[in-house]
Amino acid sequence: MAAATCSRRAMLQKDAAALEAATASSGDDEAPEEVTFERAKAAAETERRRAGETARRDKALLKERRRRREELFKEQKKRKLLPENILEELTSGPRIDNDKLPNPTKEGEDVGDGSENKNEGNKRRRNKRKKPLAVRRKGRYMAVRLKDQDLTSQHQELAKDFVQNHLYGPGTNRITANQFFSFANKKSPVKKAAVQFVNKSWGAEKKQKAKQFKKRWMSTKMVSSI
Amino acid sequence: MGEFQVHRVRFFAYVPAGIRCLAHSARSDRLALARTDGALELYNFAANYFQEKGIPGHETRSIEALCWAAGDRLFGAGLSGDISEYDLEKLRVKYSLDGFGGPIWSLAADAHGTQLAVGCEDGSVKLFQILPDKIQFERSLDRQKGRILSLSWHPSGTRIAVGSIDLLRVFDVRSGHSIQRILVDRCLQGPQSRECVVWSVAFLSDGTIVSADSAGKVQFWDSEKGTLLETHPVSSSAVLSLAVCETEDSIVVGTSEGAVYQFQLLPLKWGSAESQWVRTKPFQHHTHDVRAVAHSATALISGGLDAQLVIRPLMEKVHGKSYDAALRKFTYPHRRLVSCAKKARLLLFQFPQHLELWKLGATSATGKDGDVLPVSRAPEHLLQLKSKGPEHICCSCVSPCGSWVAYSTASRFHLHRVRYENDRVSIKRVAAMPKLQGSAHQLLCSADSSRLLVASDQGSVHILELLEPGGCRHLQTLRPNSESMEAVYLLAVSADGDWLAAAGGDWAINIYSLRHFKPHCTVPAYNCAVTALAIHPVTNNLVIAHSDQQVFEFSIPSREYTAWSRKVQQHGLHRGWLERDTPITHITFNPKEPAHILLHDTHMFCILDKSLPLPDAATSLMNQITLKQLSEKARRGHVHAFKICKKYRPLLFMELLDEGSLVVVERPVMDIKTQLPPPVQQKKFGT
């Protein structure tokens, strides 16, 4: 939104500059040119139309670009191709550190595994191939065909979704633990504390949305008041 | 009772995984149980329902179905599409075989134990031949549309009934063709569009098929004609599981609402030959979905997504109103998940995929008996150690000085050196680990933190020496004199570091001398599982707790039971003690009071005072509250050896720290239940 207002403002400035240029050029001529009212009107109209068109085009371009980026992010999110820090790196610069690429078959620790490696064969390989693989920390891996892996995991996902849908999907009449266990409290003569107290982490998404909405609203108000 | 400053710890956020499937073996009287995280547990009903074995879970290997076949061989299959056989001696997967039919939903062995049938996602039923040391693909029955969610063999082994979405099928095993196709009604009420999933089927020997479906019906069908015999609407939500007893006169079903119902085949009139299935007993022991039920000869067994295993003995099958007829509920594991660094006052909590290291809080206030003291320094979460890879952690330990943390998954063993420098914690993994044979099933550090003992396969125990500043060396591997195939699951080391006791899956307790690295003696065999072991720091007596609640004391130097232990056996333990339903999971000692043994199970904590007389049948076992009200003089006449405290429960761990302070780790059931997936709403009148 802010970008759009910005571009609009830029356009206004551009128009003003053009107008100024026109007046200046007319000022330079000693004898003022005869301009009929119709012609001037037509010129002004074409000018206005052109300005409107450029603005529209800019807007469309911007929209398109934004849409494409959104799509890319959505896809990225869906497929979970790379972890966030890598994405960050990809977007910030074209250079990729080899050792930061995640190795899916690697086993071990995230803390304190040093770069030393006891595997003899690996050492030899490391010496042979100089630069790009020298930073790879572990040589313990096994080769798998990713195609098969994908297919089985996809089947597994589908099967899990089926169970999830049938046990917890719409129409299964599920309620939260808090509601479920509060029934007993309701009827018992000794009233106890609630099963769960309201947690500040609950409804984080809704809160975030509300915050953003407020921000947006404020910004639109500010622009209109200017 | 003795006074302690008690650290009451409730920050162990342990949530057990729900129970996915159960398989009861009548032959060995054992129950195999698989959880939703892929962990497998084995309960021995003969040994007072003790969880004697466990195979840790795996991220990608979920278990959907279990079955016993060909004697005591256990097979499992899951959504990864593999059929596995489990090695119950080495506690791991023996081998797995791809079914090539996509995720597997159901698995059943025929009555002779020669064939396995699996029902796959792609709609095929595959038969596997059970060979002595492997299984082999035999053939596939005609493939049909729709996933096969449940299957059951006819006891003769010629037919298989299969449950799919909206329909049941009957296959002829010899020809492999589908000979009957039975459509199942969709929901009784609600939208008709919702498909009806047949979650479970059973094929009875008279040709009747019993089905349990997601519309909440239990239906009986004639397999020859394909007609409906009876419908029993059981629940407004789904019926998820069904099991038939061996005599085929009783059926147990489990529903989404957490209720379990028994159906019985009863004669219509007294003495008439005609009989009918009647819904007889409802039980509501679970709050969440019951996804697995089993029927033993005398009891209904149900396991829910609330992680509870409930064993309900049937009154008509159990003779007399004895302790055998009592209801059993298991929520907490019979294994230790917490380890404590006594000197450094640290607690290490074991989760399936990570470990947490906490520093205990402290108080500067003092008070009298029963006061709750304010905490001046809050407990601190020092470290979270995540294990990479799909395997779950099977055991962990922290050294008494707190500077070493070790844990093991099924295939790998990890050791870390932890350093504490003015409020900062740094951790470094010991990279150069010696290659050990077999996987680790239990870890223990010696009292001076110089040695790490690793319990392994075939009764062996590896001894590693911990070296500063962060190294480790393999010293020796101890093996028992007699050949044992079972893995060691309990270890105890003496405070002076000279003796080691190891209990294996065959319930034999071997004692080794750590000074000479050789076997010292074995404890006389006792025919019940060992649940806890500990060696007294002063007298070097080994205290053994068995799952039938017997407690023995064995003198290691003189290689015999102590006089006190003999006295206990002659006198007999109190009935109240013997009828507790959870095993003792940890034993510890008070160095200042050598006559005291501190033990705990899930529901109580007990100080066993050897210097006091044993209680006889007339006195009450839990008399601490009444004793408190008596005068000093009157009290002396009533005290007995068992001083039991039930204030802290459910108790996962208890350890005596120095200077008379005690740490207890509790995990209330309600805290677990609120973390579980949402339950089904139940209409209650008047709410």
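Among the residues of the range A:167-190, those with an accessible-area drop of 30 Å² or more from chain alone to full protein complex, heavy atoms and 1.4 Å probe, are A:167, A:168, A:173, A:174, A:175, A:177, A:180, A:181, A:183, A:187. Potential lengthening of the chain between residue B:567 and residue B:275 amounts to 99.5 nm, from the contour at 0.36 nm per residue minus the alpha-carbon distance. Near residue B:226, once Lys and Arg are set to +1 and Asp and Glu to -1 for all other residues with Cβ below 15 Å from its Cβ, the sum equals -2. Rounded to the nearest 20 debye, the dipole size of the protein assembly as shown about its Cα centre is 2320 debye, using +1 on the Cβ of Lys and Arg and -1 on the Cβ of Asp and Glu. Listed by chain and number, the aspartates and glutamates whose C-alpha is less than 19 Å from the C-alpha of residue A:59, apart from same-chain residues fewer than 8 away, are A:15, A:47, A:70, A:71. Modelled label positions at residue B:638 and residue B:560, each set 7 Å beyond Cα in the direction of Cβ, lie 3.9 nm from each other. Normalised by residue number, the volume inside the convex hull of the Cα atoms of chain B is 190 Å³ per residue.
What is the range B:80-211's relative contact order, in percent, from Cα pairs under 8 angstrom and six or more apart in sequence? Relative contact order of the range B:80-211: 16 percent.
Only helical runs count toward this figure. For chain B, summing -39,500 (n - 2.57) over DSSP H runs of n ≥ 4 and dividing by all residues gives -1000 deg cm²/dmol at 222 nm. So which lysines pass the test for residue B:628, namely a Cα distance under 25 Å, with those fewer than 8 places away in the same chain ruled out? Partners found: B:368, B:592, B:610, B:643, B:646, B:647.
Interface size, chains B and A: roughly 3700 Å² of accessible area buried, both sides included, 1.4 Å probe, rounded to the nearest 100. Spatially close Lys pairs in the range B:105-237, defined by Cα atoms under 24 Å apart and a spacing of eight or more places or different chains, total 5. The residues of the protein assembly as shown present an accessible area of 52 Å² per residue when probed at 1.4 Å with all protein chains retained. For the range B:332-467, give the percent of accessible area contributed by carbon and sulfur heavy atoms, probe 1.4 Å, rounded to a whole number. Carbon plus sulfur share of accessible area: 51 percent. Remark: relative contact order (chain B) = 9 percent; criterion is Cα-Cα distance under 8 angstrom and separation of 6 or more residues. Cα centroids of the range B:620-664 and the range B:77-132: 51 Å apart. Annotation for the range B:280-333: trypsin sites (Lys or Arg not before Pro) lying in DSSP loop with at most 11 further Cβ atoms inside 10 Å of their Cβ are B:321. Counted over all Cα-Cα pairs of the range B:318-403, pairs farther apart than 22 Å make up 52 percent.
Counting only protein heavy atoms and a probe of 1.4 Å, the accessible surface of the range B:62-139 is 48% carbon and sulfur. Within a straight-line Cα-Cα reach of under 24 Å, residue B:317 can be paired with the following lysines, leaving aside sequence neighbours fewer than 8 residues apart in one chain: B:269, B:281, B:329. Once the Cα-Cα distance is subtracted from the 0.36 nm per residue extended length, the residue B:421 to residue B:139 segment shows a gain of 95.1 nm. The dipole here belongs to chain B: it is taken about the Cα centre, uses +1 on the Cβ of Lys and Arg and -1 on the Cβ of Asp and Glu, and is about 1380 debye.
With one equal scatterer per alpha carbon and no solvent term, the Debye-computed log10 I(q)/I(0) for the protein assembly as shown at 0.04 1/Å reads -0.26. Shown in residue order for the range B:217-231 are the 3J(HN,Hα) couplings computed by the Karplus curve 6.51 cos²θ - 1.76 cosθ + 1.60 at θ = phi - 60°: 10, 10, 10, 10, 10, 8, 6, 6, 8, x, 10, 7, 9, 8, 10 Hz (x for Gly and Pro).
Projected label points at residue B:29 and residue A:206, each 7 Å from Cα along the beta carbon direction, are separated by 5.5 nanometres.
Cross-link pairs exceeding 28 Å between alpha carbons, from the set A:77/A:160; B:343/B:388; A:211/B:388; B:53/B:673; A:78/A:211: B:343/B:388; A:211/B:388. Ranked by the mean number of other Cβ atoms within 10 Å per residue, highest first, peptides B:641-653, B:563-575, B:252-264 order as B:252-264, B:641-653, B:563-575. Could you list the chymotrypsin sites (Phe, Trp or Tyr not before Pro) in the range B:34-131 that lie in coil according to DSSP, counting only those with at most 13 other Cβ atoms within 10 Å of their Cβ? Those satisfying the criteria are B:100. Normalised by the number of residues in the range B:19-120, the mean separation of alpha-carbon contacts (under 8 Å, six or more apart) gives a relative contact order of 19 percent.
The values are calculated or read from the model by the stated rules, or taken from the named source; none is laboratory data. The shown structure was predicted, so the numbers you read here are calculated from the model rather than taken from an experiment. Heads up, the Cβs are rebuilt from the backbone with ideal geometry, glycines too, and the neighbour counts pull from every protein chain shown. Side chains are part of the model used for accessible areas, which takes the heavy atoms of the whole protein and leaves out ligands, DNA and RNA. Shrake-Rupley method; radii C 1.70, N 1.55, O 1.52, S 1.80 Å.
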